[in-house]
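Notes for the one structure printed next.
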Amino acid sequence: PRHMDSVLDILDALESPARGGSPGTAAALGRRLGVCSTPGCRAVLGEPLGTPERPPALTPGQWQLLTELLHHDPATPELGVVLAPDGSTVALGPLLAGIEAGLRSGGFGQPLPTLNPPADPLLAVTIAEALGTSFLLAQGGDNNATALGPGGCWDDVENPQNYTLRGPPSPVPDPVAIGAMDGAVLGARLARGPLPVAELLRDYYGTGNGSEVGRPPSSYRRRDFGALAGQGRLEKEVAAVLGLLRTLSPTSELLRDVGTQEVAAVAHKAAREFSKRYVECPAIMSRCLWGARPYRGTPAPLQPPLGLVFLHHTLEPSQPCRTFGACARAMRDMQRFHQDTRGWDDIGYSFVVGSDGYLYEGRGWHWVGAHTKGYNTQGFGIGIVGDFTATLPDPDTLALVRDELLPCAVHFGHVRPDFILHGHRQLGHTNCPGNALFQEIQSWPGFQ
């Protein structure tokens, strides 16, 4: 399966000291297989040394999977991705490039070159070059050219084999953005001292930790990347990398007629839009990722921006879900109950919030839900998994709704800036969203 666990098995074999491996083996091999194929990345990490043969530590099947995942083709970025235990889809190219840059800046392997103009090697190879190039190309293309996204769907999250993007690809589709953030966060960790890469990734993605134990560090990637490279720092690094690309072939041609002010404008726009989409706003697990059944009948479209937001607790399941597996199961159970027992067309909520750090798409932004009788066409229904009669969701989950979801819904035009927030009980005969949670939201912006 194209799952992070498969990659970790390969890394274990490659890094085994008994077989002559070390923490840098996988990253060096990745570069020879095509991970670092862009001019900026090669200027930082160096040219690959010929095509490698299968290391004796790997089976033919493992070698085939690795070569398929790491052979970089900009036209099909979705081929180099794996599904991580936290439910996110990660591009291995920027992840491994960041790991190599981190190891080398931490003194493991060859030292990194000094770049001119000065640029942070770690951010250059993970996100800055991809981001700068993407926004430069989008600016030069037609008005519909996109510089970020889209996301995509796996054929089967239990046994992922094929990943399909849900729209025309940009040079930075969602998995590349996620792999780049992970590569930057983990590269910064390795710069402080080398670790076996498989061990580092296991801890980070929470694989093999019993998976129901709690949120893995990877579910905090947006926060951690933001702390490492806020919008201002990212803008500076994108501008520096575009300056570097001006001196390299073939990107010098791309930048030939682009002046300094234009480069600054591209870097500003790239950093602002990336930060808004991937750092400040929560990740949304689409229906295909949690295994939704089809909608029954024909959904009715909403007319955004809407003026109301209704907060719910799910009551069942009564316990918060803290992992992707548990939250996806909860979504399937709720959809089955809403469709089979209640007789509704689909799961009623617009979105559901897990305590794993993710937002789960129900009816979504575009279709009328079945969450607040009499008001479904006027607002979005947000459910938080759990029973919050006596206890509150954890602070991270509350912050995700209050400080990320609501402002981002306004920013992207789904909700009006002067929206009103209500608890479900204010509009129907119910105790929802529970006494503790209803008390809490009365201090939130927009509550009436």
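Among G230, G348, G61, the largest mean-square fluctuation in a Gaussian network model of the chain, built with springs joining Cα atoms closer than 10 Å, belongs to G61.
Charges were assigned to the Cβ only: +1 to each Lys and Arg, -1 to each Asp and Glu. The resulting dipole of the chain about its Cα centre is roughly 460 debye. Taking the charge dipole of segment 4-280 about its Cα centre, with +1 at Lys and Arg Cβ atoms and -1 at Asp and Glu Cβ atoms, the residue from L200, S218, L103 reaching farthest to the positive side is L103. P(r) for segment 1-79, from all Cα pairs and a bin width of 10 Å, is 18, 50, 29, 3 %, short bins first.
When only DSSP loop residues count, what GluC sites (Glu not before Pro) in segment 134-233 have their Cβ near at most 12 other Cβ atoms within 10 Å? Loop-located and lightly packed - E158, E212. Taken over segment 4-280, the alpha-carbon convex hull comes to 126 cubic angstrom per residue. Largest mean-square fluctuation among L306, L103, L359, in a Gaussian network model of the chain whose springs join Cα atoms under 10 Å apart, belongs to L306.
With both partners inside the chain, how many of the DSSP beta bridges are antiparallel, as a percent to the nearest 5?
Details: 10 of 28 bridges.
Beta bridges within the chain, antiparallel portion: roughly 35 percent.
Can you compute the helix-only [θ] at 222 nm over the chain? Use -39500 (n - 2.57) per DSSP H run of at least 4 residues, normalise by all residues, nearest 500 deg cm²/dmol. Rounded to the nearest 500, the figure is -11000 deg cm²/dmol. Rounded to the nearest whole Hz, the Karplus-based 3J(HN,Hα) values (6.51 cos²θ - 1.76 cosθ + 1.60, θ = phi - 60°) of segment 389-394 follow the sequence 5, 10, 10, 9, x, 5, with x at glycine and proline. Which Cys in the chain stand alone, with every other cysteine's Cβ at 4.7 Å or more from theirs? C432 - these cysteines have no disulfide-compatible partner (Cβ-Cβ under 4.7 Å) in the chain. Comparing D174, D156, D340 in a Gaussian network model of the chain (Cα springs below 10 Å), the most mobile by mean-square fluctuation is D340. Note on segment 158-286: Cα-Cα pairs beyond 27 Å make up 33% of the total pair count. Solvent-free Debye calculation, one equal scatterer per alpha-carbon of segment 289-448: log10 I(q)/I(0) at 0.20 Å⁻¹ equals -1.43. Note on the chain: with neighbouring protein chains present and a 1.4 Å probe, carbon and sulfur make up 53 percent of its accessible heavy-atom surface.
Relative protection proxy for 64-77, 183-196, from highest mean packing down: 183-196, 64-77 (other beta-carbon atoms within 10 angstrom). The angle separating the long axis of helix 60-70 from the principal Cα axis of greatest extent in the chain is about 80 degrees.
For H312, nonlocal amide neighbours, meaning residues 5 or more places apart or on other chains whose placed amide H falls under 5 Å from its own, are I382, G383, I384. Between T59 and R192, the simple spin-label model (points 7 angstrom out along Cα→Cβ) gives 3.7 nm. Computed from point charges on the beta carbon alone (+1 for Lys and Arg, -1 for Asp and Glu), the dipole magnitude for segment 205-330 about its Cα centre is near 320 Debye. Taking Cα centre as origin and charging only the Cβ of basic (Lys, Arg, +1) and acidic (Asp, Glu, -1) residues, the dipole magnitude of segment 306-442 rounds to 300 debye. Amide hydrogen proximity for S16: with H placed 1.01 Å from N in the peptide plane, the residues at 5 or more positions away or on another chain lying under 5 Å are G21.
For segment 104-174, the solvent-accessible area of protein heavy atoms averages 48 Å² per residue (probe radius 1.4 Å; ligands and nucleic acids excluded). All C-alpha to C-alpha distances of segment 226-266, sorted into 10 Å bins beginning at zero, yield P(r) values of 29, 47, 20, 3 percent in whole numbers. 3J(HN,Hα) along segment 102-107, derived from phi through the Karplus expression 6.51 cos²θ - 1.76 cosθ + 1.60 where θ = phi - 60°, amounts to x, 4, 6, 6, x, x Hz, with x in place of Gly and Pro. Could you work out how far helix 4-15 tilts from the main Cα principal axis of the chain, as a 0 to 90 degree angle to the nearest 10? It works out to around 30 degrees.
The coefficient of translational diffusion for segment 98-244, derived via Stokes-Einstein from the alpha carbon Kirkwood radius under 20 °C and 1.002 mPa s, stands at 127 µm²/s.
Based on C-alpha pairs under 8 angstrom that are at least 6 apart in sequence, segment 4-280 has a relative contact order of 22 percent.
Just name one of L66, G87, L112: the one whose Cα is farthest towards the positive end of the charge dipole of segment 66-183 (beta-carbon charges, Lys/Arg +1, Asp/Glu -1). Of the candidates, L112 comes out farthest on the positive side.
Taking Cα atoms only, the orientation of helix 260-274 departs from the longest principal axis of the chain by about 50 degrees. Projecting the Cα atoms of P317, V125, L33 onto the charge dipole of the chain (Cβ charges, centred on the Cα centre) puts P317 farthest toward the positive pole.
The values are calculated or read from the model by the stated rules, or taken from the named source; none is laboratory data. Being a predicted model, the structure only gives us computed values, none of them experimental. Here the Cβ is made from the backbone with ideal geometry for all residues, glycine too, and neighbour counts use every protein chain on show. Heavy atoms of the whole protein, side chains included, go into the accessibility calculation; ligands, DNA and RNA do not. Shrake-Rupley method; radii C 1.70, N 1.55, O 1.52, S 1.80 Å.
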